1. Got a number for residues in the range A:189-231 being surrounded by fewer than 20 Cβ atoms within 10 Å (Cβ to Cβ) and in a loop (DSSP other than H, G, I, E, B)?
2. Please work out if A:P61 is facing chain B (nearest Cβ under 7 Å) and of a type outside the set (S, T, N, Q).
3. Among the listed residues B:L399, B:L343, B:L355, identify the single one that is aliphatic (A, V, I, L, M) and within 60 Å of the chain's Cα centre (by Cα).
4. Here are some conditions: (1) open to solvent by less than 50 Å² (accessible area, probe 1.4 Å); (2) touching an Asp or Glu at 6+ places or on another chain (Cβ under 9 Å). A:F100 meets all but one. Which one does it not meet?
5. Here is a list of conditions, (1) among the aliphatic types (A, V, I, L, M); (2) touching a Leu at 6+ places or on another chain (Cβ under 8 Å); (3) modelled with pLDDT of 90 or more, and B:L70 meets all of them except one; can you say which number that is?
6. Considering only the range B:251-270, state which residues are in contact (Cβ under 8 Å) with a residue 40 or more places away in the chain and of a type outside the set (A, V, I, L, M, F, W, C).
7. When you go through B:Q184, B:Q206, B:Q156 one by one, which is the residue that is surrounded by 13 or more Cβ atoms within 10 Å (Cβ to Cβ) and more than 24 Å from B:T2 (Cβ to Cβ)?
8. I'm trying to understand the selection: among the residues of the range B:374-401, which are within 14 Å of chain A (Cβ to nearest Cβ), surrounded by 21 or more Cβ atoms within 10 Å (Cβ to Cβ) and in contact with a Leu (Cβ under 8 Å, 6 or more places away or on another chain)?
Amino acid sequence: MDNAPVFAVVGHPNKGKSSVVATLSQNDAIAIALEPGTTRQRQAYPLTVDGRTLYTLVDTPGFQRPRRVLEWLDAHSVSASDRAETVAAFVTQHRDDPRFTDECELLAPLVEGAGIIYVVDGSVPYSAEHEAEMTILRWTGRPSLALINSIGPDDYSTAWQAALGQFFQVIRKFDAVRAHFEQHLSLLRAFGQLEPAWESPLDQATGFLADQRRQRKTQAARLIAKALEDIMSYQEKRTLTTNQATETNERALADTLRRSWYQHQRRREQTLRVSVEHLYQHKRIQRQEAELEWHSDHDLFSEDSRRVWAVSRRYLATAGFGAGAVGGAGIDALTFGSSLGTGALVGGILGAAGSYFYGDRLALPALKIGALQDGLKTATFGPVQDSQFGYVVLGRAVDHWWHISHRNHAGRDQLDLAPADSHWLENLDRKSRQDIQRVFNRCRKRRTPDDRQRVVFAAAIEQAMTVYDDWRLNRT
Amino acid sequence: MTDTAIRLLLEFDDKVRRDHEQPPAFLHRRDRKYALDCQQRDMTPSPGHWLAHLERLSGQGGESVADAALGTWRRIMTGFILAGCALGVLTMLGLLFYEGGQRINVTVILAFVFLQCLLAGFTTLQAFAGWQPWRPLLTRFADQKSPAALGKLQPQLMARAAHIGGLAFGTCGLLTLLVMVVVQDLAFGWSTTLNTDSHRFLGLVQTIAAPWQWLWPGAVPDASLVETTRFFRAQTGNLTLNPARLGDWWPFVAMVWTFYVLLPRLVLAVIANGHLQLKARRLLNRHPGLTALQYRMETPALETGNAHNDAQHQPDTSTNSQLKPLPESDTVICWAGAGEPELPDALNGPDTLVLRAGGRASLQDDTLTLEKAANHLAHITRPAVIVVTRSWEPPTGELQDFLQHARELWPPTSHVAVVPLTTSGQEEPPTHQVQQWLRFTERLGTDFACVSLPPLFPQNPYRQGEL
């Protein structure tokens, strides 16, 4: 598309122009600072689909000398009809003038036909000194939209709306750091409304962006599923000679293996974090999160500490019921149904009871020392035998995903992953619980799930993500 | 016997495995571009073509993973063929062992052929059921860890190797039989402990010979042959029998061997190969990597404009300048609406000259303000001017121009204190806002301007007294 719309994001210095561009272009590598003049040159951020540009956002420096520009324009214009040409003449004449570098940078795309996205900070009072720059923008004759961005906590947006209404066709509020994805799309659609020819590419763009978001959720679920499979089936191994086996204290060996086992699990979890962040194009996040670790030797999974990861004993009991029932149904199948379905019932009760009574404590992966073979013994630690561990990892992963998927690229704050405080997983449907539990059981036995099971597992995780999203939505 | 499907599966699996290291965005772009190229050329993308496309771009490099993995199985198959040949010769020699006293028992040969059929059937069943009872052996002796995708084909690969080995066994057995027929006079007979008569045995052999009855009638034993060639081990001799009749069994034996050892193995080897190729194709079609590839090829590659990276180019926010005490001054200039609606009392004395510039004022108004201030300052020995600004608004080029112009107009000893005010004017502005003004005066590069904080609102002494 040769005539893809271009939108120049312009305004007073330090009002969040780059933040708006960073969020809409999903780019967290744009320099954003509470310092005027962070942006010195215009920079184009095209949205392309298969190499075809649908629209381009242009980040620009802020106005530095708007009254002087306006004075020049006034002095060189005869009538309203020549105003756009006069602005173009100003840019041509002052291109090399260091006093007007910023003005030329921001006016050049408008002269070339870009639409105007004028950004103001709605958290500070309206100031009449913006009128000169708004007048210049009106002189360009380009379609325009004003964005009230809020950098600080105060709200002066009503006063801004009244003032901006005199200069701009459309006025929208948009918090570049906190706006939801739906608001991004809505804003882009509003860009499309500025000129009839822009409606179609912007509609297409929002369609692609919405699809991309859906696909990312599915991909994130797959990444989490793969990590869970790895973590739940991981076994730490050490090969010992006969001498080493006799000399080594079993307890010390168990400690060494346990430490390596945790280290590996933490590393795997971190890899998952980075993968999910990169999937959502967040490459510069600083994260703060409690480490995946036993708080004290054996009691991480006591009811209290488990609750903070959103896994309740009741949930585990119901998940256990599902898994047990599946096992029990196998008994029915083997007896050609002559057990009249009691297999499923017994299996379910056993599974539930096991999870309930067993739920107080995590069954640690035990140290196993194998038989002597070729003069060597193999000591193993893991895989973890308690599925609660998997639910904790799942809870943490889903929480991280949620924060990442809802984080705008203008955000520069540290990502603080505080533990969830509710049993959100209880809202997960029974089938998804069973699918998750089934894969956990396979991993525990070091049996690799087949491709079909993996697909079902990832779908169940995606469902858990939806449940978490709903829970967050209803909570906030 | 080509292994195109297996080779494709292995190459594809290996490529997918190597792609794990690549960023998903890159993979998406690469495969989407390939799909669009195919679309332009009216071609349907396929895994084979995709691999060829990537290989063409990367160039051929060393032994492929498929060659290495299939090489192991080729060696296993060669082993089976060699063993089959050797065993075929030895087995036939054993079956035809004739020390002159006893005849070669056709019943034993039939039993052995039946065993061969059973073994061939079991091998096929094993492949279809996916059993791998020989797996520990393979794990122990295999050169290297085979690719995971090949692991799923092992039952079929093993069945094919076994059937081809069986085919070699049968072929060499048949050739040995024919050689023995030529170089020796073989005396066949039939014998059994069971109390059966020759009619029933005739029925059995004629049923067995039914498949080639139309092809080679001479290879179907007749009643007289069956009747005359029965022998008992305890029997000392049959003088009435023509010894040449004893050799008449060989066409039957040769055909039994051909039809019940050689042909089943041939057919089952073909089936095993077909099954292997089918399974490889099915595995490829269900490969998670193929689903991902199809997704990448079908989904448009969306770039949101995140290629540009200037995160390293953050502005220098270090500040060397310090806040200066607010100078004694009776001249205050409110810049761009600062101090509206009213100045803090501490700045606005009864004799204070309050002027306005910037913001809504025109440039001519600014000049007038400067001139008025210049006139006022001309009569003061240590002239100082307070320029109040809105602390939250960034300093712009216009203020810079204004101060430079002021420096030119005002007496040389005069200086300016920039005082950033908050919205209420009653409290100190936050540090980050003060810092931007400090850096602004620093950039001006002279001592003409400095930054001072507004005087805090004085406490009400009467109120203090109340407390």
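The values are calculated or read from the model by the stated rules, or taken from the named source; none is laboratory data. What you see is a predicted model; the values in this text were computed from it and never measured. No Cβ is skipped: glycine too gets one built from the backbone with ideal geometry, and neighbour counts run over all protein chains shown. When the accessible area is computed, the model is the full protein with side chains, heavy atoms only, and any ligands, DNA or RNA have been set aside. Shrake-Rupley method; radii C 1.70, N 1.55, O 1.52, S 1.80 Å.
1. 2
2. Numbers: facing chain B (nearest Cβ under 7 Å): no; of a type outside the set (S, T, N, Q): yes.
No.
3. Numbers: B:L343 fails: within 60 Å of the chain's Cα centre (by Cα); B:L355 fails: within 60 Å of the chain's Cα centre (by Cα).
From the options B:L399, B:L343, B:L355, the qualifying one is B:L399.
4. With (1) open to solvent by less than 50 Å² (accessible area, probe 1.4 Å); (2) touching an Asp or Glu at 6+ places or on another chain (Cβ under 9 Å) applied to A:F100, the lone miss is (2).
5. Of everything listed in (1) among the aliphatic types (A, V, I, L, M); (2) touching a Leu at 6+ places or on another chain (Cβ under 8 Å); (3) modelled with pLDDT of 90 or more, B:L70 misses just condition (3).
6. At the first step, the residues of the range B:251-270 found to be in contact (Cβ under 8 Å) with a residue 40 or more places away in the chain are B:252-262, B:264-266, B:268-269.
If the condition is that a residue be in contact (Cβ under 8 Å) with a residue 40 or more places away in the chain and of a type outside the set (A, V, I, L, M, F, W, C), then B:T258, B:Y260, B:P264, B:R265 are the ones that fit.
7. Values: B:Q184 fails: surrounded by 13 or more Cβ atoms within 10 Å (Cβ to Cβ); B:Q156 fails: more than 24 Å from B:T2 (Cβ to Cβ).
B:Q206 is the lone residue from the list that is surrounded by 13 or more Cβ atoms within 10 Å (Cβ to Cβ) and more than 24 Å from B:T2 (Cβ to Cβ).
8. B:V388, B:T389, B:R390, B:S391
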